[in-house]
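Some notes on the structure that comes next.
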């Protein structure tokens, strides 16, 4: 078996089929990055997976999952000003968490260099919005590389490190979901281990304290570096030129979508692709605009390039017709080949035909995501959906438990961001004496951003119930560890002098009574509803070679009350053509969390089977 | 030459492994390929898909209506996948039903094999419906892979390329069990 951890640290050069995220790790190794930090979030967690696949003694850099993205960024910053090249990576909305410290970076002399890898999520595949983080670049004077495929993710990472060290400047490598997961055979270079040095020298490289007159000094430094970055960006322009009247300016993955849909018309339009999208390569853009009568700006999400390119054209008195975004739809969703085809067709219908809906298609049934079989969150949602009236209020947070908002539980009616639930619930409980308020919070999020809201609820004496859904891992993003491994949540809550704390395993029959008691207690109360993540548990069980376990069966006692399907809703319960309930044996993990929910007691374990037995 | 494969199923069915195996096998067959998996909520019982593009392709993502081969690990997903096929394309699906919530709640009817069959006849789609007695449900993906090779559904791809790909990604008993089942199924 090929072990990716061994492959990544070999001397090279070599080539291997990998995704963009994995290619970054080889980039870190070759370029001598010393400190890497992160908080897990899609589409970037595979960077950590590849990192962790390298045995620690062979891994040439330090890695940690930090409490949240901001702390991760600060650890990487501290390493960099001490002369160690660093890299921090996180998902799109992680940018909001880091913002307070991130906006300061460009004013600092980062002597070791520092690369900020962000995974934007056009299409919101796994995020609560599709925010365009390019805006943060302008806000903070930070340059941005934008690769188009896995090979370029690796290549641009190396360049990002090189220039970052040279200019002692932060740099963003901006991935989107499908460049992060772009899979192809990537050609890697040679790895020659280098000695590192460490030296934090504030007198020599400072100031590092942005107070008073220092601020102008530091800001000037950032802006002067940005001028140099503009020159560098001229080295990352890529042309398709056939001397056409029409041209497209684009970047990243939408460029490949464009090539895909142009097909035989590929030589009827010129293309300028930008490898650095902030600051822009002004001279190349002026030249391209002047050489064409019409130019289409093809960019995913917001009109970031469009605004700047139009202002360049205005300043230079260029009369080229510039086509930007035409309607709201152009601002929404991922620029897949299908989408790009439709966008180009709106401007130049002779180049691309608008994709028609398939003339006939087969009926499909939507498949909303759901909690896994055996999930410890399910009993909590089941119980809450019984205890809360339609009038009561439930506040969701981020994690697997967000899925409670879906049918049939409908627990969780409002969501902002990581850890918002306690603050939002506090506000909802004001001037409200008749409706119960329940906030939900995951255990990883408890540490990430949940603590300030909890402390606030204690300090300001708010009246609501917080249910901490403790499954012992950061499950949604692939089971990364979190501080709960060493710090007990209950002890922290007790230290905050919270009077009403209950702790209960969610498989336990007194779950309902416990939750009910907490709901009926005035003031701020907390239920720690624990059960280990069963997806993680079943995977570990399989690794031990345990494949067949006794599963549940629906006995003849079944009266078709349908509670297991319509209220408890474990996906393993299905109905056959005659409406009879049965257990889908592909899915049941034999956890037994459903046993108590059947009013007629029809759910029982089947007899234990030996491996290889017929189902 | 361009040949598009679209793989679709439910989170937890081993779509990632199937896609990784296929890409490596295609690489061993000497053909260029690019691809992408959908991740995100993948493990939470939602739809998971993977795109593999062989030959002259730019984007890692297929264009709906232009796909040559769809591999589906489940019946409802076969229905979703068949709509990605071009005229004259091929669908291979594993005939198991992991009922989506609207079906379980009785709001919609389960997709039937007859529906898929009827649609494929009307739309010039070749369909292979497969189902095996497996020692482990997690081997449904291997059954699909074996049927791709057995019926020569991907140009230039043979069983040796797949065996080598398996050696890249598996070890010990798991490798042995999967290779044995794969070969047995190919030669049936």
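The values are calculated or read from the model by the stated rules, or taken from the named source; none is laboratory data. Every value quoted in this text rests on a predicted model; they were computed, and no experiment measured them. In this analysis, Cβ positions are derived from the backbone assuming ideal geometry, glycine residues included, and neighbour counts consider all displayed protein chains.
Among the residues of region A:566-583, those identified as more than 30 Å from the chain's Cα centre (by Cα) and either without any contact (Cβ under 8 Å) to a residue 12 or more places away in the chain or not in a loop (DSSP other than H, G, I, E, B) (or both) are A:566, A:567, A:573, A:574, A:575, A:576, A:577, A:578, A:581, A:582, A:583.
Taken over region A:8-35, the criterion of being more than 14 Å from every other protein chain (Cβ to nearest Cβ) and not in a helix (DSSP H, G or I) is satisfied by A:10, A:11, A:12, A:13, A:32, A:33, A:34, A:35. Scanning region A:325-334 for any residue that is over 26 Å from residue B:35 (Cα atoms), in contact (Cβ under 8 Å) with a residue 12 or more places away in the chain and touching a helix residue (DSSP H, G or I) at 6+ places or on another chain (Cβ under 7 Å) turns up at least one such residue. All told, residue B:136 falls short of being modelled with pLDDT under 95, within 13 Å of another protein chain (Cβ to nearest Cβ) and loosely packed, with under 15 Cβ neighbours inside 10 Å.
Taking the criterion of being on the phi > 0 side of the Ramachandran plot and crowded, with 17+ Cβ neighbours inside 10 Å, the only residue of region A:238-260 that qualifies is A:252. The residue of region B:168-180 that is farthest from the other protein chains (Cβ to nearest Cβ), among those that are in contact (Cβ under 8 Å) with a residue 12 or more places away in the chain and more than 17 Å from the chain's Cα centre (by Cα), is B:179. Somewhere in region B:3-17, is a residue at pLDDT 95 or above and more than 21 Å from residue B:78 (Cβ to Cβ)? No; the residues of region B:3-17 include none that is at pLDDT 95 or above and more than 21 Å from residue B:78 (Cβ to Cβ). Taking the criterion of being more than 9 Å from chain A (Cβ to nearest Cβ), more than 17 Å from the chain's Cα centre (by Cα) and either buried (at least 23 other Cβ atoms within 10 Å of the Cβ) or at negative phi (or both), the residues of region B:30-59 that qualify are B:31, B:56.
Taking the listed residues B:157, B:163, the one that is more than 8 Å from chain A (Cβ to nearest Cβ), under 18 Å from the mean Cα position of the chain (by Cα), crowded, with 16+ Cβ neighbours inside 10 Å and in a loop (DSSP other than H, G, I, E, B) is B:157, with no other qualifying.
Screening residue A:593 against (1) touching a residue at least 60 places away in the same chain (Cβ under 8 Å); (2) not in a loop (DSSP other than H, G, I, E, B) leaves a single unmet condition, (2). Among the residues of region A:193-237, write down those that are exposed (fewer than 14 other Cβ atoms within 10 Å of the Cβ), within 30 Å of residue A:9 (Cβ to Cβ) and touching a residue at least 60 places away in the same chain (Cβ under 8 Å). Of everything in region A:193-237, those that are exposed (fewer than 14 other Cβ atoms within 10 Å of the Cβ), within 30 Å of residue A:9 (Cβ to Cβ) and touching a residue at least 60 places away in the same chain (Cβ under 8 Å) turn out to be A:193, A:194, A:197, A:198, A:199. Within region A:545-565, if we keep just the residues that are within 23 Å of residue B:96 (Cα to Cα) and free of Cβ contacts under 8 Å to residues at least 24 places away in the same chain, the residue that is farthest from the other protein chains (Cβ to nearest Cβ) turns out to be A:546. Checking A:142, A:176 one by one, the residue that is crowded, with 24+ Cβ neighbours inside 10 Å and in the same structural domain as residue A:42 (by TED's automatic domain parsing) is A:176 and no other. Inclusion of residue B:62 among residues that are buried (at least 21 other Cβ atoms within 10 Å of the Cβ), within 15 Å of the chain's Cα centre (by Cα), over 14 Å from residue A:361 (Cα atoms) and at the interface with another protein chain (Cβ under 9 Å from one of its Cβ atoms) is warranted.
For residue A:599, the stated conditions do not hold, so it cannot be described as exposed (fewer than 15 other Cβ atoms within 10 Å of the Cβ) and in contact with a strand residue (DSSP E or B) (Cβ under 9 Å, 6 or more places away or on another chain). Only one of the listed residues (A:64, A:109) is part of a loop (DSSP other than H, G, I, E, B) and surrounded by fewer than 21 Cβ atoms within 10 Å (Cβ to Cβ). That residue is A:109.
Candidates in region A:379-413 are the residues that are crowded, with 16+ Cβ neighbours inside 10 Å and at positive phi; of these, the one that is nearest to the other protein chains (Cβ to nearest Cβ) is A:399. Residue under question is residue A:376, and the condition is that it be buried (at least 19 other Cβ atoms within 10 Å of the Cβ), modelled with pLDDT of 95 or more and more than 9 Å from every other protein chain (Cβ to nearest Cβ); does it hold? Criteria met by residue A:376. Among all residues of region A:117-138, there is none that is more than 22 Å from residue A:273 (Cα to Cα) and more than 17 Å from the chain's Cα centre (by Cα). Within region B:81-100, one or more residues are within 7 Å of chain A (Cβ to nearest Cβ), farther than 28 Å from residue B:186 by Cα and touching a strand residue (DSSP E or B) at 6+ places or on another chain (Cβ under 8 Å).
Scanning region A:510-562 for residues that are over 33 Å from the mean Cα position of the chain (by Cα), assigned to a loop (DSSP other than H, G, I, E, B) and exposed (fewer than 14 other Cβ atoms within 10 Å of the Cβ) returns A:510, A:520, A:522, A:555, A:556, A:557, A:559, A:560. Checked against the criteria, residue A:536 does not count as free of Cβ contacts under 8 Å to residues at least 60 places away in the same chain and either touching a strand residue (DSSP E or B) at 6+ places or on another chain (Cβ under 9 Å) or within 14 Å of another protein chain (Cβ to nearest Cβ) (or both). Mind listing whichever residues of region A:136-161 are more than 14 Å from chain B (Cβ to nearest Cβ), touching a helix residue (DSSP H, G or I) at 6+ places or on another chain (Cβ under 7 Å) and either touching a residue at least 40 places away in the same chain (Cβ under 8 Å) or not in a helix (DSSP H, G or I) (or both)? Hits for region A:136-161 are A:136, A:141, A:142, A:143, A:144, A:145, A:154, A:157, A:158, A:161. Annotation note: of A:318, A:271, A:297, the sole residue that is surrounded by 14 or more Cβ atoms within 10 Å (Cβ to Cβ) and more than 33 Å from the chain's Cα centre (by Cα) is A:318.
When every residue of region B:69-76 is checked against the conditions, at least one turns out to be at pLDDT 95 or above and within 8 Å of another protein chain (Cβ to nearest Cβ). Quick check: anything in region A:473-481 surrounded by fewer than 24 Cβ atoms within 10 Å (Cβ to Cβ) and over 30 Å from residue A:597 (Cβ atoms)? For region A:473-481, residues surrounded by fewer than 24 Cβ atoms within 10 Å (Cβ to Cβ) and over 30 Å from residue A:597 (Cβ atoms): present. Of the numbered criteria (1) surrounded by fewer than 16 Cβ atoms within 10 Å (Cβ to Cβ); (2) closer than 24 Å to residue A:330 by Cα, the one residue A:130 fails is (1).
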